[in-house]
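Student: Take this structure first; my questions come after.
The values are calculated or read from the model by the stated rules, or taken from the named source; none is laboratory data. For clarity, every value in this text was computed on a predicted model and none was experimentally measured. Cβ placement follows ideal geometry from the backbone for every residue including glycine, while neighbour counts extend to all protein chains displayed. Note: areas computed on protein heavy atoms with side chains; ligands, DNA, RNA excluded. Shrake-Rupley method; radii C 1.70, N 1.55, O 1.52, S 1.80 Å.
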Amino acid sequence: MRAIALDGPDGRLRARRWDVVVLGSALPGLVAAVRLGMAGARVLVVAEEAATRTPPLLLEPFYPAGARSDGVLQTCLTALGIPPIERRGLERQELAYQVVLPDARIDVGTTARTQEEWVAWGLAKPELARDALRGLESAARAEAEVLLESPLVRRGVWRATGTHTTAGGSGRHLRGLPTSLSRPEPALARLLDAEVRALSNLASGLPSPEARARLLGAPLEGAIRFAPGRALRALVRRRLEQAHGELRVVPGPFELVEIDGHPGLVMRRARDAWLGRALVLNAPAGRLAAVRAAAGGEVPDFLRVPPPSRRRAAIQLRAVPEVVPEAMADRVIVVADGDPDPIRVTLHPGELGARHVDLTASVVVDDGADLARAHDRLEAAVRALVPFSEQRLARVAEAPRPAWDDELALGDPAGAGGGWPTEVEIRTPLKPPVFALPREELAGLGPEGDLLLGWQAGDTIAAALPKPALG
């Protein structure tokens, strides 16, 4: 990262200073910013303008596991200082989601309900269904305990090639899927694979057995529905403001620099410098490198990594409530023949008496795919779920493709053995403190990976902040 002075040939830069500058507005960085603010740090979160135009519903997690009061979601919300009164709109549901296959529509929720569905659709005999689901529920709870008790983040040097240390203090052979699900019958395997694909945030890779156990077992506790206006990101954003954090939109091209030992970014056109005692990269490193290279600027070595290979295409639709089938769950996973990537559809009910409901749909596509074609496919999938909508269902928004601050971008862990249950290293090799939040390392855990990465990274960075000079 290039060291420059405030005074240059084009005049003096206007410097604004914080304790920590977080580059990117994805969920892990927002969570880390809250924890840093709670530790007394002044924090700036920098967002790309295109990212701020993404409709908020398109960034909400499809299934935020959190029905248990001592689970990962509720524990994280408590750690962020979000009081119970702010969570009063969270409603517990027995049904987590539905999986729509070409020849079946399967409810997934509490253990008893899921067992009935497996048996009714011929996916497993009663005894196997009972034993497998009990084992899966137990494995998921054990994994949640390890996630909350283990150090997921280390201050070791983050490298794109990936060096991994097992977290949790126990070998992988002690946890993971129950033996009754080690080799399921093809029909059951197809269902479980579709759930894992829909619930994880990996690009193409498969989650570890431990992560699969958590992904598949958490829905057996049911689900949490967020009340209108109290979605997860909205709660975290509100808490960031309460912790005196700022969110600013970068007005154009920028350069990562160091000024007087402080890392940050400079906007040459605006003659502004936003500096911190530490910089946190909360965006795909490969995307930041591509943007910098396209502008003809220097690309730091630690950013020279491939950009994410895949991302979620997403759209938002609006319908009158009457067209939504009563039997449709709030979350639906749609599986088509011959397509390994399922479509996720979420129903977002409005306030009581609202004249419309919103639906969002997303699917994983290659990063360079034709988004217009993907969006048309998503709308067709939603219309198939709401067959008599006709003119009473319309597309209202599409997710843009930000250049670098892309929360819908997906990657896979770097190097062999990556992903949970390995610890994540967040310190870059640079001398001015620069940290990275590699979401892909915990992507196999879905939204819980984002929450835990942000929480532990925030605490780790707060402990590592250089002390301000006296006087």
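Student: Among the residues of segment 58-72 satisfying the criterion of being under 13 Å from the mean Cα position of the chain (by Cα) and outside any loop (DSSP other than H, G, I, E, B), which is nearest to Leu445 (Cα to Cα)?
Tutor: The initial filter retains those residues of segment 58-72 that are under 13 Å from the mean Cα position of the chain (by Cα), namely 58-65.
After this cut, where a residue has to be outside any loop (DSSP other than H, G, I, E, B) as well, the list is 58-59.
Working: Leu58: 19, Leu59: 17 Å.
Here the residue is Leu59.
Student: Among the candidates Pro228, Pro209, which residue alone is over 18 Å from the mean Cα position of the chain (by Cα), open to solvent by 50 Å² or more (accessible area, probe 1.4 Å) and within 23 Å of Leu58 (Cα to Cα)? Spell out how you get there, then give the answer.
Tutor: Values: Pro209 fails: within 23 Å of Leu58 (Cα to Cα).
It is Pro228.
Student: Of Glu86, Glu127, which residue is under 24 Å from the mean Cα position of the chain (by Cα), surrounded by fewer than 18 Cβ atoms within 10 Å (Cβ to Cβ) and of a type outside the set (Lys, Arg)?
Tutor: Working: Glu127 fails: under 24 Å from the mean Cα position of the chain (by Cα).
From the options Glu86, Glu127, the qualifying one is Glu86.
Student: What number goes with the only condition from (1) open to solvent by 20 Å² or more (accessible area, probe 1.4 Å); (2) within 22 Å of the chain's Cα centre (by Cα); (3) touching a residue at least 12 places away in the same chain (Cβ under 8 Å) that Ala361 does not pass?
Tutor: Condition (1) is where Ala361 drops out.
Student: Now for a separate question. Residue under question is Val345, and the condition is that it be over 22 Å from the mean Cα position of the chain (by Cα), in contact (Cβ under 8 Å) with a residue 40 or more places away in the chain and within 22 Å of Val108 (Cα to Cα); does it hold? Spell out how you get there, then give the answer.
Tutor: Values: over 22 Å from the mean Cα position of the chain (by Cα): no; in contact (Cβ under 8 Å) with a residue 40 or more places away in the chain: yes; within 22 Å of Val108 (Cα to Cα): yes.
No: the conditions fail for Val345.
Student: Could you tell me whether Val249 is open to solvent by 60 Å² or more (accessible area, probe 1.4 Å), aliphatic (A, V, I, L, M), modelled with pLDDT of 90 or more and part of a strand (DSSP E or B)?
Tutor: Values: open to solvent by 60 Å² or more (accessible area, probe 1.4 Å): yes; aliphatic (A, V, I, L, M): yes; modelled with pLDDT of 90 or more: yes; part of a strand (DSSP E or B): yes.
So Val249 fits the description; yes.
Student: Tell me the residue from Ala372, Ala329 that is open to solvent by less than 20 Å² (accessible area, probe 1.4 Å), within 30 Å of Arg439 (Cβ to Cβ) and either part of a strand (DSSP E or B) or modelled with pLDDT of 90 or more (or both), please.
Tutor: Values: Ala372 fails: open to solvent by less than 20 Å² (accessible area, probe 1.4 Å).
The match here is Ala329.
Student: Say we look at segment 316-326 and pick out the residues that are among the hydrophobic types (A, V, I, L, M, F, W, C) and out of contact with any Ser or Thr (no Cβ under 7 Å at 6 or more places or on another chain); which of these is most open to solvent (accessible area, probe 1.4 Å)? Before the answer, list the steps.
Tutor: Narrowing segment 316-326 to residues among the hydrophobic types (A, V, I, L, M, F, W, C): 317, 319-320, 323-324.
This time we only want the ones that are out of contact with any Ser or Thr (no Cβ under 7 Å at 6 or more places or on another chain), so: 317, 320, 324.
Numbers: Leu317: 0, Val320: 43, Val324: 26 Å².
Selected residue: Val320.
Student: So Gln74 passes all but one of these: (1) open to solvent by less than 70 Å² (accessible area, probe 1.4 Å); (2) touching a residue at least 24 places away in the same chain (Cβ under 8 Å). Which condition number does it fail?
Tutor: (2)
Student: For segment 426-464: of the residues being open to solvent by 20 Å² or more (accessible area, probe 1.4 Å) and of a type in the set (Asp, Glu), which is nearest to Gly264 (Cα to Cα)?
Tutor: Per the criteria, the residue is Asp459.
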